[in-house]
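Below is one structure, written out as structure tokens; the observations come after it.
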Amino acid sequence: MAIQEKDFVELTYTGTLTETGQVFDTTDKNIAEEHHLHSKNAQYGPVTICIGQGQMLKGLEAELIGKELGEYTIKLPTEKAFGKKNAKLVVMIPTSKFTAQKIKPVPGLQVNIDGAVGTIKMVSGGRTIVDFNHPLAGKDVTYKVNVTRLLTDDKEKTEAVLQGFFGLDVTVEKKDDKFHVTFPQAIPEQLHKVLKEKVKELAGTDIQIEENKGLNKTETPKE
């Protein structure tokens, strides 16, 4: 069955720079360790995405539409990968702004300036040049992708939306015509509607958000 937009698929992948073959991203722990990309906080192994929803590069997801399960090598030009470099995103910032925050600016250091992440390119005198382009902007990339499964189970798709889009660990049980969802932490009431609408849109299911009875509550002191 060919993959369509909004299908949920399970896959593994490794991304490399087309020109040099340098690995910059992978779901394979061994490859990550071999190329010094391993992080103890990262989770390796197959990932589940909803096609066309921007969980990976849009250009990559678009290339998967119409394909069957299996292995593919997909080459993405700059404009379909991380975009072309924008000269306006390379800016000069007074070095004093860093030293005031007890940061020693050195080339290669990633910094967060007013919510934007950039990489220091040069430090000269009292000026620091910071590039706010994506580190891979201007690069052609190649992905080796293995699409292993097309999810059809409503419970799995519901879990995939809640975990993939919101990063929430959940317990999902089907009761009657709804999926009852329990979270390990309290979820703000105003988020309930957002979760329900997103699950309905992508998974086509209705959810009922349950209170986690195991959560500690503030008790009124007894007199």
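Selection of first residues in the range 67-80 that are touching a residue at least 60 places away in the same chain (Cβ under 8 Å) and of second residues that are surrounded by fewer than 15 Cβ atoms within 10 Å (Cβ to Cβ) and of a type in the set (Ser, Thr, Tyr), restricted to Cβ pairs under 9 Å at least 6 apart or on distinct chains, gives the following pairs, ordered by first then second residue: 69/148; 70/148. Please go through the range 56-110 and give me each residue that is farther than 30 Å from residue 3 by Cα and within 20 Å of the chain's Cα centre (by Cα), ordered by number. The answer is 110, and nothing else. Residue pairs whose Cβ atoms lie under 8 Å apart, separated by 6 or more positions or on different chains, with the first residue in the range 195-206 and touching a residue at least 24 places away in the same chain (Cβ under 8 Å) and closer than 13 Å to residue 165 by Cβ and the second among the charged types (D, E, K, R) and surrounded by 19 or more Cβ atoms within 10 Å (Cβ to Cβ), are 202/157; 203/157.
Checking 181, 147, 170 one by one, the residue that is assigned by TED's automatic domain parsing to the domain that holds residue 71 and aliphatic (A, V, I, L, M) is 147 and no other. A single member of 5, 61 is of a type outside the set (A, V, I, L, M, F, W, C) and part of a helix (DSSP H, G or I), and it is 61. A single member of 201, 189 is modelled with pLDDT of 95 or more, among the charged types (D, E, K, R) and exposed (fewer than 13 other Cβ atoms within 10 Å of the Cβ), and it is 201. Where strands (runs of 3 or more DSSP E) fall wholly inside the range 108-172, the ranges with 1 or more residues that are over 23 Å from residue 68 (Cα atoms) and hydroxyl-bearing (Ser, Thr, Tyr) are 116-124, 127-131.
Across the range 119-143, the number of residues qualifying as in contact (Cβ under 8 Å) with a residue 24 or more places away in the chain, in contact with an Asp or Glu (Cβ under 7 Å, 6 or more places away or on another chain) and under 21 Å from residue 25 (Cβ atoms) comes to 1.
For the range 100-118, a tally of residues being touching a residue at least 12 places away in the same chain (Cβ under 8 Å) and among the small types (Gly, Ala, Ser) returns 3. Only a single criterion out of (1) at pLDDT 95 or above; (2) at positive phi; (3) not polar (S, T, N, Q) is not satisfied by residue 87, namely (2). Residue 186: more than 19 Å from the chain's Cα centre (by Cα) and of a type in the set (Gly, Ala, Ser), yes or no? Judged against the criteria, residue 186 is a match. Return the residue satisfying two criteria in turn: it lies in the range 204-216 and is of a type in the set (A, V, I, L, M) and in a strand (DSSP E or B), and of such residues it is modelled with the highest pLDDT. Applying the filter and picking the extreme gives 207. Per this entry, residue 119 is counted among residues that are modelled with pLDDT of 95 or more and either in contact with a Pro (Cβ under 7 Å, 6 or more places away or on another chain) or of a type in the set (A, V, I, L, M) (or both).
The values are calculated or read from the model by the stated rules, or taken from the named source; none is laboratory data. On a predicted model such as this, the values are computed, not experimentally measured, just so you know. All Cβ positions, even for glycine, are placed from backbone atoms using ideal geometry, and neighbour counts span all protein chains on display.
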